[in-house]
Amino acid sequence: MSNGYLSQKLSIIGLQSEEYNRHPEKYTYRAKRHSIQESIYGVDSDMSAIDIARLRLWLSLVVDEEDFDNIETLPNLDYKIVCGNSLIGFPENWNSPAFERIEKLKDKFFAETDVEIRKTYKMEIDKEIADRLSSSQRIFGYQVNFDFKLFFSEVWREKEGFDIVIGNPPYVRVQNLPHSEIDFYKNHYDFAWKRIDISILFFEKALNIGNKKTTISFISSNQFLTTEYGLKARHYLSKNRNVFKIVDFGSLPIFQNALTYVDIFVLSKQANDSIEYFKINTLPFNISNNFIKIISSELSENIWILESSNEIDILNKIKKDSIPLSSFAKSWAGIITGYDDLLLFNNDKLPDYIESDLLVPVLRAQSCDRYTYANVTKYAFYPYYFENNKTELIPLDRIKAQYPKSYNFIMENENLLKARKDSRITMGDRIGWYGLIRFGTIDKFNETKIVSPGEVKRNKFAIDKSKSAFSCARVFQLILFQIPSIYLNY
């Protein structure tokens with residue numbers, strides 16, 4: 001390392017050459033502190049996550065320190081690691097004189113050593129930010145509690161966006177989102193098409209806040225690669241050739257208790273001729289040079305088949321000489337309770353407060369595996385009957401007369417049952433408020449059928465003869481209409 005280069009680096013991190021010569025161990029601490037203070041920004045909607053992130057950054061500084069009595073000041077992470085919804089901000093091209101005022105106040109705040117004066121600056125910054133956020137509903141027609149350029153304006157002034165964006169987009173069920181939030185996403189994100197998947201909106205946001213040379217790395221659900229709602233995301237990413245690396249974990253348990261499959265996606269704003277696709281089969285893992293090269297120009301808005309050219313050729317030949325499943329089988333929708341904690345039960349702990357006639361076996365994703373019969377693990381409250389080729393909800397007065405325990409269960413939980421939502425409709429607005437969100441059809445449940453989890457990395461087709469319902473979206477069923485059901489066993 002040349003003396004000139006070293007002096008330049010020491011100057012950047014605030015360490016004089018003489019001090020470095022006396023205490024070279026301070027270089028590591030100062031370099032880390034400078035990186036944390038000047039280069040790392042973060043946002044999360046969970047305040048506890050913010051506290052943990054700040055604590056870990058501070059611990060990363062002191063972990064190698066031996067002399068705690070003379071440890072230097074820890075970096076101030078106010079206005080660096082903050083709490084907010086990073087998807088709902090000001091319009092992309094919005095600019096305000098307040099950005100510059102806040103930035104100048106922050107410079108004074110971070111440079112000031114007097115505690116009382118710093119408090120004054122902090123109050124001024126907080127007021128400026130609060131004024132901008134509180135007026136967002138009036139100006140834009142929606143409420144904002146965080147905006148990247150408002151909180152981190154210096155990043156755009158100095159770099160025109162972030163050099164690197166790293167994240168783990170949350171997996172949020174759309175049923176848990178307010179309708180106003182869903183409307184916002186559909187109106188402001190190109191990737192929000194058909195059904196909302198929060199995770200892919202973070203890809204679009206990252207591309208918007210990154211500068212021209214940005215690198216984006218997310219570990220995220222890979223469902224958008226093959227689902228209908230991922231079409232717009234696939235169209236954009238394939239057209240602009242943003243993706244240059246994918247690490248596929250298949251069905252490996254990366255996140256505990258998560259049913260979704262995840263990949264690591266690495267993107268850039270610069271066009272990439274090919275994608276390095278890594279298939280991981282075991283944990284822990286190492287990235288090697290053993291990857292499949294996917295030609296970017298061969299991908300489109302259609303489902304992404306991430307295989308080698310030879311394997312794709314084989315698949316195309318199979319399709320060409322095959323009869324599609326849809327020509328002799330049909331898929332049917334299953335049930336959605338709207339409140340599994342209340343209406344779904346383990347098969348080894350069935351409730352004694354509901355008559356058995358109003359319980360139906362339910363297949364979940366875990367119930368299905370290849371070369372076997374589906375295994376019933378759950379039961380659901382199911383107040384329905386089959387008559388005149390229709391599945392009908394049992395009237396409440398009839399439940400009261402014939403199933404008194406179930407009637408008491410319904411009335412004791414009336415408020416919870418009425419509060420469930422079916423898209424934008426609250427169940428309390430329906431006459432049959434005590435029924436299921438989706439109830440399927442009893443005659444289809446009673447059929448011998450093929451069942452499979454909705455999300456799989458390998459075939460898990462199983463046979464069901466238990467007359468079970470099945471979890472909508474989590475399990476799909478196929479009923480043959482041209483081949484006798486006896487052939488299902490083979």
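The values are calculated or read from the model by the stated rules, or taken from the named source; none is laboratory data. All figures in this text were calculated on a predicted structure; none of them were measured in a lab. As a convention, Cβ positions derive from the backbone with ideal geometry for all residues, glycine included, and neighbour counts pool all protein chains shown.
General remarks:
- Hey, VAL451 of a type in the set (A, V, I, L, M, F, W, C) and part of a loop (DSSP other than H, G, I, E, B) or not: no
- Residue within segment 200-209 that is under 11 Å from the mean Cα position of the chain (by Cα), over 25 Å from ILE129 (Cβ atoms) and crowded, with 20+ Cβ neighbours inside 10 Å present: yes
- Number of the exception - GLN256 against (1) modelled with pLDDT under 95; (2) assigned to a helix (DSSP H, G or I): (2)
- Residues being assigned to a helix (DSSP H, G or I) and under 25 Å from GLU276 (Cα atoms) - total across segment 294-328: 12
- Residue in segment 52-72 that is assigned to a helix (DSSP H, G or I), modelled with pLDDT under 60, loosely packed, with under 10 Cβ neighbours inside 10 Å and of a type in the set (D, E, K, R) present: no
- Only a single criterion out of (1) small (Gly, Ala, Ser); (2) more than 30 Å from ARG474 (Cβ to Cβ); (3) not in a helix (DSSP H, G or I) is not satisfied by SER331, namely (2).
- Subset of segment 163-191 (residues that are within 23 Å of ALA49 (Cα to Cα), at pLDDT 90 or above and part of a helix (DSSP H, G or I)): GLU181
- Residues located in segment 282-332, provided they are among the polar types (S, T, N, Q) and within 30 Å of LEU480 (Cβ to Cβ): ASN302, ASN316, SER322, SER326, SER327, SER331
- Cβ separations smaller than 8 Å between residues 6+ apart or across chains give the following pairs from segment 37-54 residues that are more than 15 Å from ASN76 (Cα to Cα) to residues that are in a helix (DSSP H, G or I) and β-branched (Val, Ile, Thr): ASP44/ILE50.
- Scan of segment 158-201 for residues that are among the charged types (D, E, K, R) and over 22 Å from ILE254 (Cα atoms), ordered by number: GLU158, LYS159, GLU160, ASP163, GLU181, ASP183, LYS186, ASP190, LYS194, ARG195
- Scan of segment 259-293 for residues that are outside any loop (DSSP other than H, G, I, E, B), closer than 27 Å to GLU228 by Cβ and among the basic types (Lys, Arg), ordered by number: LYS279
- Test result for ASN76, within 30 Å of LYS269 (Cα to Cα), free of Cβ contacts under 8 Å to residues at least 60 places away in the same chain and not acidic (Asp, Glu): no
- Test: residue in segment 347-365 that is under 23 Å from the mean Cα position of the chain (by Cα), in a helix (DSSP H, G or I) and either surrounded by 17 or more Cβ atoms within 10 Å (Cβ to Cβ) or at pLDDT 90 or above (or both): yes
- Some residue of segment 237-250 being modelled with pLDDT under 90, of a type in the set (S, T, N, Q), surrounded by fewer than 17 Cβ atoms within 10 Å (Cβ to Cβ) and not in a strand (DSSP E or B): no
- Among residues of segment 139-161 that are crowded, with 18+ Cβ neighbours inside 10 Å, those with a beta-carbon under 7 Å from a residue that is among the basic types (Lys, Arg) at least six positions away or on a different chain give the pairs LEU150/ARG132.
- Number of the condition not met by ARG424 [criteria: (1) surrounded by fewer than 13 Cβ atoms within 10 Å (Cβ to Cβ); (2) without any contact (Cβ under 8 Å) to a residue 60 or more places away in the chain]: (2)
- Looking across GLU103, GLU116, one residue alone is loosely packed, with under 12 Cβ neighbours inside 10 Å and among the acidic types (Asp, Glu). It is GLU116.
- Conditions (1) within 33 Å of the chain's Cα centre (by Cα); (2) surrounded by 13 or more Cβ atoms within 10 Å (Cβ to Cβ); number of the one not met by LYS400: (1)
- The set of residues in segment 214-236 being in contact (Cβ under 8 Å) with a residue 60 or more places away in the chain and not polar (S, T, N, Q) consists of LEU225, LEU231, LYS232, ARG234, HIS235.
- Taken over segment 129-162, residues that are out of contact with any Leu (no Cβ under 7 Å at 6 or more places or on another chain) and in a helix (DSSP H, G or I) amount to 20.
- Comparison of ASN388, ASN415 shows that the only residue that is polar (S, T, N, Q), out of contact with any helix residue (DSSP H, G or I) (no Cβ under 8 Å at 6 or more places or on another chain), loosely packed, with under 13 Cβ neighbours inside 10 Å and at pLDDT 95 or above is ASN415.
- Long-range neighbours under 8 Å by Cβ, at least six apart or interchain, first residue of a type in the set (Lys, Arg) within segment 194-206, second in a helix (DSSP H, G or I): LYS194/GLU228; LYS194/TYR229; LYS194/LEU231; ARG195/VAL174; ARG195/GLU228; ARG195/TYR229
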